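Colleague: Quick one: structure below, then a few questions.
The values are calculated or read from the model by the stated rules, or taken from the named source; none is laboratory data. Bear in mind the structure is a predicted one, so any value in this text is a computation, not a measurement. Here the Cβ positions follow ideal geometry from the backbone for every residue, glycine too, while neighbour counts run over all protein chains shown.
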Amino acid sequence: MIEAIEIRTVRLPLRAPFQTSNGVSTERELVLVRIAGGGAEGWGECVAEREPTYSSEHSRGAVDVMRSFLLPRLLAAQVRTAEEVAPALRGVVGHPMAKAALELAVLDLVLRRRGVPLAQYFGATRTRIPAGVSVGIQPSVAALLDVVGGFVDEGYRRIKLKIQPGWDVEPVRAVRKKFGDDLPLQVDANAAYDLADAPLLRRLDEFGLLLIEQPLHHDDLYQHARLAEMLTTPLCLDESVVSARSAAAAISMGAASIINVKPGRVGGYLEAKRIHDLAQAHGVAVWCGGMLESGLGRRANIALAALPGFTLPGDTSASDRFYATDLTAPVTLEADGHVLVPSEPGIGATPDPDLLRKFTVDTWSYER
Ligand code: SMG
Ligand code: MG
């Protein structure tokens with residue numbers, strides 16, 4: 001089925017620097033995969049970042065692991081469906097973001113050939129979803145209030161503030177004071193705290209947050225369970241949930257009452273759907289995370305987030321939240337803060353060839 005493969009590294013400039021507890025970035029380096037076969041093509045997006053700061057994967061490493069270890073297995077297995085991709089790659093430990101990109105490219109190819117939209121394939125029930133937005137750490141509280149005000153005016157239905165030690169209680173208090181108690185608000189620490197910070201994190205309880213996301217280290221499942229007992233704010237895991245197995249462990253341990261589902265982090269959209277199903281069966285809410293995706297991954301995330309268990313708004317913002325120019329036709333925000341679930345076959349968009357050329361910094365290709 002696979003006749004040609006192209007792996008491209010692209011660099012998209014960000015409209016404004018994006019700062020988290022992991023550091024600050026001014027451009028997004030992404031790896032795109034194009035698989036061609038049977039007169040059609042499919043696209044996948046690898047969400048690993050240029051540096052391994054969010055997780056252990058990084059874009060250059062992802063390209064290498066695809067070329068050296070994943071693609072040879074994919075070709076040898078002669079996969080014909082997306083369901084066959086993860087089993088074919090199981091022998092390689094880790095590298096979920098690289099694996100997810102290959103699975104998405106195969107899935108997009110298969111669905112385009114069948115004329116089926118990704119959302120329909122997942123069993124999604126909605127045609128539009130409410131969008132949240134993630135707000136980076138700002139140079140001052142005044143700047144933060146400005147940025148949040150802009151997103152509220154645009155119509156975003158939920159605001160997430162990035163926090164870190166020294167930038168937590170005060171910014172949250174200021175946002176609550178200015179925008180009121182009704183603004184759906186949550187925070188994300190990207191693993192910046194320790195269990196010893198519990199008294200500090202407990203001070204966030206008075207602000208009625210929807211959730212605290214990943215306060216502790218990614219392998220601190222047990223400590224998250226202890227922390228959850230000390231807080232009234234619901235605890236949500238991101239980095240710690242790397243598979244349906246770890247999601248099950250987190251749920252049964254009481255380490256999370258909410259899960260941020262990111263397909264790249266868990267090895268693909270099929271595993272992401274399994275986490276959705278598992279969480280739904282246990283009454284655990286899920287929402288769709290974001291990794292500053294281009295219009296490809298962004299659309300795929302929106303399709304996934306249209307499943308019924310995604311009961312909280314995700315980081316499924318419009319293209320212009322990060323990019324002045326997206327690689328595909330932009331994902332746009334409706335006036336009431338919703339984004340439309342793509343209804344075209346597969347992911348529902350392809351990169352513009354001229355823009356792709358403009359932003360590509362490295363290409364590798366294979367032909368059978
Ligand atoms: O795509 O809207 C987006 C970004 C959302 O904050 C976001 N993602 O930990 O949830 C998260 C971060 C990870 C990316 S920055 C390292
Ligand atoms: Mg997060």
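Colleague: Take the conditions more than 16 Å from ligand 1 (Cβ to nearest atom), modelled with pLDDT of 95 or more and on the phi > 0 side of the Ramachandran plot and apply them to G155. Does it pass? Working first, answer last.
Modeller: On the way: more than 16 Å from ligand 1 (Cβ to nearest atom): no; modelled with pLDDT of 95 or more: yes; on the phi > 0 side of the Ramachandran plot: yes.
The answer is no for G155.
Colleague: From the residues in the stretch 242-258 that are in contact with a His (Cβ under 9 Å, 6 or more places away or on another chain) and within 15 Å of ligand 1 (Cβ to nearest atom), which one is farthest from A198 (Cα to Cα)?
Modeller: Among those that are in contact with a His (Cβ under 9 Å, 6 or more places away or on another chain) and within 15 Å of ligand 1 (Cβ to nearest atom), it is V242.
Colleague: How many residues does the stretch 323-335 contain that are crowded, with 22+ Cβ neighbours inside 10 Å and hydrophobic (A, V, I, L, M, F, W, C)?
Modeller: The qualifying residues number 3.
Colleague: Looking only at the stretch 1-23, count how many residues are more than 16 Å from ligand 2 (Cβ to nearest atom) and in a strand (DSSP E or B). Spell out the reasoning first.
Modeller: Of all residues in the stretch 1-23, those more than 16 Å from ligand 2 (Cβ to nearest atom) come to 1-17.
Still in the list and also in a strand (DSSP E or B): 4-17.
Here the count works out to 14.
Colleague: Moving to a separate point now. Please go through the stretch 8-28 and pick out each residue that is buried (at least 18 other Cβ atoms within 10 Å of the Cβ) and either within 16 Å of V361 (Cα to Cα) or among the basic types (K, R) (or both).
Modeller: R8, T9, V10, L12, R28
Colleague: Moving on to the next point. Only one residue in V93, V147 is surrounded by fewer than 20 Cβ atoms within 10 Å (Cβ to Cβ), of a type in the set (A, V, I, L, M), at pLDDT 95 or above and not in a helix (DSSP H, G or I), so which one is that? I'd like the intermediate steps shown before the answer.
Modeller: Details: V147 fails: not in a helix (DSSP H, G or I).
That would be V93, the only listed residue that is surrounded by fewer than 20 Cβ atoms within 10 Å (Cβ to Cβ), of a type in the set (A, V, I, L, M), at pLDDT 95 or above and not in a helix (DSSP H, G or I).
Colleague: Answer yes or no as to whether A250 is closer than 25 Å to T53 by Cα and not in a loop (DSSP other than H, G, I, E, B). Outline the logic, then answer.
Modeller: On the way: closer than 25 Å to T53 by Cα: yes; not in a loop (DSSP other than H, G, I, E, B): yes.
Yes; evaluated as a whole, the condition is true for this residue.
Colleague: Taking the residues in the stretch 130-144 that are in a strand (DSSP E or B) and out of contact with any Gly (no Cβ under 8 Å at 6 or more places or on another chain) as candidates, determine which candidate is surrounded by the fewest Cβ atoms within 10 Å (Cβ to Cβ).
Modeller: The initial filter retains those residues of the stretch 130-144 that are in a strand (DSSP E or B), namely 130-135.
Still in the running and out of contact with any Gly (no Cβ under 8 Å at 6 or more places or on another chain): 133, 135.
On the way: V133: 26, V135: 22.
Ranking the candidates gives V135 first.
Colleague: So which of D108, D219, D188 ends up being surrounded by 17 or more Cβ atoms within 10 Å (Cβ to Cβ) and within 16 Å of ligand 2 (Cβ to nearest atom)?
Modeller: That would be D188, the only listed residue that is surrounded by 17 or more Cβ atoms within 10 Å (Cβ to Cβ) and within 16 Å of ligand 2 (Cβ to nearest atom).
Colleague: Six or more apart or on different chains, Cβ under 7 Å: which pairs go from a residue in the stretch 262-289 that's over 16 Å from N301 (Cβ atoms) to one that's among the charged types (D, E, K, R) and part of a loop (DSSP other than H, G, I, E, B)? Could you list them?
Modeller: none
Colleague: Give the number of residues within the stretch 355-368 that are over 26 Å from the mean Cα position of the chain (by Cα) and either assigned to a strand (DSSP E or B) or at pLDDT 95 or above (or both). Outline the logic, then answer.
Modeller: Taking the stretch 355-368 as the starting set, the residues that turn out to be over 26 Å from the mean Cα position of the chain (by Cα) are 365-368.
Within this subset, residues satisfying the condition of being either assigned to a strand (DSSP E or B) or at pLDDT 95 or above (or both) are 365-367.
Qualifying residue count for the region: 3.
Colleague: Take the residues in the stretch 182-218 that are away from ligand 1 (no atom under 16 Å from the Cβ) and either assigned to a strand (DSSP E or B) or among the acidic types (D, E) (or both), then tell me which one is nearest to the chain's Cα centre (by Cα). Please lay out each step first, then the result.
Modeller: First pass over the stretch 182-218, keeping only residues away from ligand 1 (no atom under 16 Å from the Cβ): 182-183, 194-208.
From what is left, the residues that are either assigned to a strand (DSSP E or B) or among the acidic types (D, E) (or both) are 182, 194, 197, 205-206.
Working: D182: 26, D194: 24, D197: 27, D205: 26, E206: 28 Å.
The residue in question is D194.
Colleague: Can you tell me which residue among V85, V31, V63 is assigned to a strand (DSSP E or B) and either surrounded by fewer than 18 Cβ atoms within 10 Å (Cβ to Cβ) or of a type in the set (V, I, T) (or both)? Show your work before the answer.
Modeller: Details: V85 fails: assigned to a strand (DSSP E or B); V63 fails: assigned to a strand (DSSP E or B).
It is V31.
Colleague: Do you know which of the residues in the stretch 260-313 that are within 13 Å of ligand 1 (Cβ to nearest atom) and assigned to a strand (DSSP E or B) is surrounded by the most Cβ atoms within 10 Å (Cβ to Cβ)?
Modeller: Taking the candidates together, the pick is V261.
Colleague: L71 fails exactly one of the following numbered conditions: (1) touching a strand residue (DSSP E or B) at 6+ places or on another chain (Cβ under 7 Å); (2) touching a residue at least 40 places away in the same chain (Cβ under 8 Å); (3) closer than 15 Å to V361 by Cβ; (4) part of a helix (DSSP H, G or I). What is the number of that condition?
Modeller: Failed condition: (3).
Colleague: Right, another one. Could you list, in sequence order, all residues of the stretch 219-241 that are part of a loop (DSSP other than H, G, I, E, B) and within 14 Å of ligand 1 (Cβ to nearest atom)? Steps first, answer last, please.
Modeller: Kept after step one, since they are part of a loop (DSSP other than H, G, I, E, B), are these residues of the stretch 219-241: 219-220, 231-234, 238-241.
Scanning the stretch 219-241 gives D238, E239, S240, V241.
Colleague: Quick one: R245 ticks every box in (1) over 18 Å from the mean Cα position of the chain (by Cα); (2) within 14 Å of ligand 2 (Cβ to nearest atom) bar one, so which box is it?
Modeller: In the conditions (1) over 18 Å from the mean Cα position of the chain (by Cα); (2) within 14 Å of ligand 2 (Cβ to nearest atom), R245 misses (2) alone.
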